[in-house]
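Just below is one structure, and these are the notes that go with it.
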Number of protein chains: 2
Amino acid sequence: MMTIGLENLRVVLVNTSHPGNIGAVARAMKNMGLSQLYLVQPLKFPHAEASSRAAGADDLLASAVVVDSLDEAIADCQLVAGASARSRTISWPTLAPRECAEQMIDAARTGKVALVMGRERTGLSNAELEKCHYLVHIPANSDYSSLNVAAATQVLTYELRVAALARAGEATKTWKSDHPFATAGELEQLYAHFETALTELGFLDPDNPKQLMRRLRRLFGRAHLDRIEVNILRGILTTAQKGGKGPRNKVTRDE
Amino acid sequence: MMTIGLENLRVVLVNTSHPGNIGAVARAMKNMGLSQLYLVQPLKFPHAEASSRAAGADDLLASAVVVDSLDEAIADCQLVAGASARSRTISWPTLAPRECAEQMIDAARTGKVALVMGRERTGLSNAELEKCHYLVHIPANSDYSSLNVAAATQVLTYELRVAALARAGEATKTWKSDHPFATAGELEQLYAHFETALTELGFLDPDNPKQLMRRLRRLFGRAHLDRIEVNILRGILTTAQKGGKGPRNKVTRDE
């Protein structure tokens, strides 16, 4: 497994009622590369429903640490963030998930860090929140703001993973062809070919070709063509110029 | 409810097996302020387990649109993003959730936008993926990369909400056509026209049309065509089918 700095992170579930949620949290954690699960007085654990919802993450359930108090679960942690669904009577430093994840990943370079998730219905008590350095709040629909505890864990651990990947210098995915991109020179040849072929075909008004050519440039420029795509387009143009029955595109059979 | 530009977004679930997942997706959507759920041939729906997992989001289940095909679910959409858990044999433009959310929120200002989620075990088929402009990939643990469909929906709709909230203030510049984007239905007509015309012209090998058609879909999907561009491309195809001397493209003179 790639090491991206998530080893020092743990998720702490406080008084979870439904064992299915514990399993779903384990799955969410493992999907995001976290492995340490602490359970503060779970109502039912171990439980078949936890294992079932964990799918392939039952190793996290097997190694979960069950403790009697939140204090025990976070005693060795240098940073503690508590998930909070709503604003509190007590005002406490509250971060958005992205901001919180960056702080946690920073701190995890030098020590243990905990993300604390509260009870399904009532969340964390004020006394528990006060043990946290920060609260983290997912910006939900104000008319329906209470996320399922596993869904909230999924969002928060996702942000942790994204922050860790960014920190580790992992490139995020974007459009990347399996062939080299066309050069500007190849693109100019393509546009010249379009202009010649469309003029021959009578599609382009030779007295005013610019409007259409500008639209084609804009379209294909946006698409960021690779070399094989340029070859395909030019093959189509050549075939159309000959009135059809041109050679079939060899390129598509080479792959 | 605060209007932040999520009204044009829909989530499409393809062939979902477990009704509990449909309910959990509805809850995730409502938490993030989305309301339009489309179900392509769900195995069991309606179902008590869907309602139970939906918690307070059963209004989304009641208004869910059940359809027979993905085509129906996305026909009126101007941008379609498909969730993908793994890298494919075919390379398709793939975005990280954050980047994809920004594109989708941009597009949702002027038209309908779909996020397509595949089957629990097997995801989306290649034919289904090819109907998407982009794939979106959650950067999961490579040793255990398959998120539960509701968990994945939670992450992706969270990013949509964050992007919408960020956008709600300022207007940033990205690709914005002066014409409406083409709908998925119009794009399917374009691809059918390509296939017919290139077969007639002898450019497409009728025994193995898929390679080339897939490359064309990928190219034009990436470019995110507007309606006038579709008209231009179809005009070129029609002219080529006639062996040239077709009517000049009226469109370019109307502007």
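Observations on the model:
- Between the helical axis of A:97-107 and the longest alpha-carbon principal axis of chain A there is an angle of about 70 degrees.
- The local environment of B:A75, defined by Cβ-Cβ distances under 11 Å, has a net charge of -3 under the rule Lys, Arg +1 and Asp, Glu -1.
- Counting only Cα atoms, segment A:9-167 measures 39, 34, 31 Å along its principal axes, largest extent leading.
- Mean-square fluctuations from a GNM of chain A, with a 10 angstrom spring cutoff on Cα atoms, peak among A:A108, A:A26, A:A192 at A:A192.
- Coordinate range along principal axes, alpha carbons of segment B:1-73, Å, largest first: 34, 29, 14
- Label-to-label distances for A:W92 across copies, nearest first, come out at 4.3 nm, using points 7 Å from Cα in the beta-carbon direction.
- Counting DSSP beta bridges with both ends in segment A:9-167, the antiparallel % (nearest 5): 5
- Sorted by Cβ neighbour density within 10 Å, fewest at the top, the residues A:Y38, A:Y191, A:Y158, B:Y191: A:Y191, B:Y191, A:Y38, A:Y158
- Radius ratio Rg over Rh of segment A:184-254, counting only Cα atoms, Kirkwood formula for Rh: 0.98
- Helical content of the protein assembly as shown, expressed as a calculated mean residue ellipticity at 222 nm, amounts to -13500 deg cm²/dmol (DSSP H runs of 4 or more residues, -39,500 (n - 2.57) each, divided by residue number, nearest 500).
- Rounded tilt (10° steps) of B:210-223 against the dominant C-alpha axis of chain B: 70
- Tensor-based shape of segment B:112-228 (alpha-carbon gyration tensor, a/c under 1.5 rounded, otherwise prolate or oblate): oblate
- Legend: mean number of C-beta atoms from other chains within 10 angstrom of residue C-beta atoms, peptide B:135-142, equals 5.
- For A:R109, label point 7 Å along C-beta direction: distances to other copies, nm: 3.7
- Distances between copies at A:F45, taken between label points 7 Å from Cα along the C-beta direction, are 3.3 nm in increasing order.
- Between helix A:19-31 and chain A: long-axis angle, C-alpha atoms, 0 to 90°, nearest 10: 50
- Of B:V230, B:V14, B:V116, the residue with the greatest mean-square motion in the GNM of chain B, using alpha carbon springs below 10 Å, is B:V230.
- Going by neighbour counts of Cβ atoms within 10 Å, the residues A:I138, A:I22 line up, fewest first, as A:I138, A:I22.
- As a proxy for reagent exposure, A:F194, B:F45 were ordered by neighbouring Cβ count within 10 angstrom, fewest first; the result is B:F45, A:F194.
- Whole-percent pair-distance distribution, where bins are 20 Å wide, for the alpha carbons of the protein assembly as shown: 22, 48, 24, 6, 0
- Distant-in-sequence amide H partners of A:V116 (H built 1.01 Å from N, under 5 Å): A:V12, A:A81, A:G82, A:A83
- Computed FRET value (nearest 0.05) for B:A166 with A:R218, which takes r as the C-beta separation and R₀ as 22 Å: 0.25
All of the numbers you see were taken from the coordinates with simple rules; none came from a lab. All values reported here derive from a predicted model rather than from experimental measurement. Reconstructed Cβ throughout: ideal geometry from the backbone, glycine too, with neighbour counts over all protein chains shown.
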